[in-house]
Structure formats: C-alpha cells, structure tokens
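Q: My questions all concern the structure below.
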Amino acid sequence: MLITVEELKDYTSFDVVKQRSNDALANDILEAHVEIVSMAGHDFTGEDYNPLPPTVVLAAKKLSQFHALVNSDAALTKGYQSENIGKYSYTLGKDGLQKPDVSQMIAPYVVENETPPPASKPKFKMRSL
C-alpha cells in the first residue's frame, strides 16, 4: 500500500479517524490505494517510485482520511442532512462531505495506456413501448 496506518493517524486531525481500529483504517487505505492506482494507470512499484513522490503520499493520505470519515459516519452513507441525538444535533451542508480532488497531485505520474482497447461490436437493447 502507498501509506501505513500510522502515517494516516499522524496526518489526520480528526479524532474519529484516529480512534478507528487499525484493521478499519487499513481497509480505508486500501480503498484510496485502489483509486489512486486506477487514476495513475500503474501501482507505483517500480524503481522510479522508491521512495514514493511526496505528492503521491499526500494524495493517499487525503483519500484515506476521506474514506475513513465516510466509513465511520453512518449519516453520511445514508445521505442524512441532519440528525438529533438527545441534546446534540448537527446538520450537513447539502453537498455533504466532498471527496478531495487529488488528480493534480498525481498528474505527473499518470501513465497513459499505449495500446488501444480492442474494438467491440455495438450492443443494443430494445424494449417495447
């Protein structure tokens, strides 16, 4: 993985992230890892990426923190905008929690696919009206 659980705990300022179990944080980091690898087109395992560029590490920390926050708050996953628990209440903005845009951080390391995908036949689905 791009970062460790300890690196994420050291980076975040959110108590809810720091208090998540190491296994849960490892899964949050894995989600971020898969997303970054998908955007970059490679897995950062070559010699050119040892050590990892600081911007890739920061992108991994930001996305991992985002996934930890979303995965730790049931209200975010259910789409609630406000919730009352006894005397405590909170309201989320209409857009809720925004995923950080890390595309510019990893842009210098994106590898374009050199071979075009194989041509496929068009598929049509028809239904009666």
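Read-outs throughout are calculated quantities, based only on the coordinates presented, and are distinct from any laboratory measurement. If you're wondering where the values come from, they're calculated on a predicted model, not measured in any experiment. As a convention, Cβ positions derive from the backbone with ideal geometry for all residues, glycine included, and neighbour counts pool all protein chains shown.
Q: When the convex hull of the C-alpha atoms of region 1-71 is computed, what volume per residue in Å³ does it have?
A: 77
Q: Using the basic label-point model (7 angstrom from Cα toward the beta carbon), what is the Tyr49 to Phe124 distance in nanometres?
A: 4.3
Q: Follow-up question, since we're still on this one. Which order results if His33, His42 are arranged by neighbouring Cβ count within 10 Å, fewest first?
A: By the 10 Å Cβ count, ascending, the order reads His42, His33.
Q: What's the local net charge at Lys9, with K and R +1, D and E -1, over the other residues with C-beta under 14 Å away?
A: Counting the neighbours of Lys9, the net charge comes to -3.
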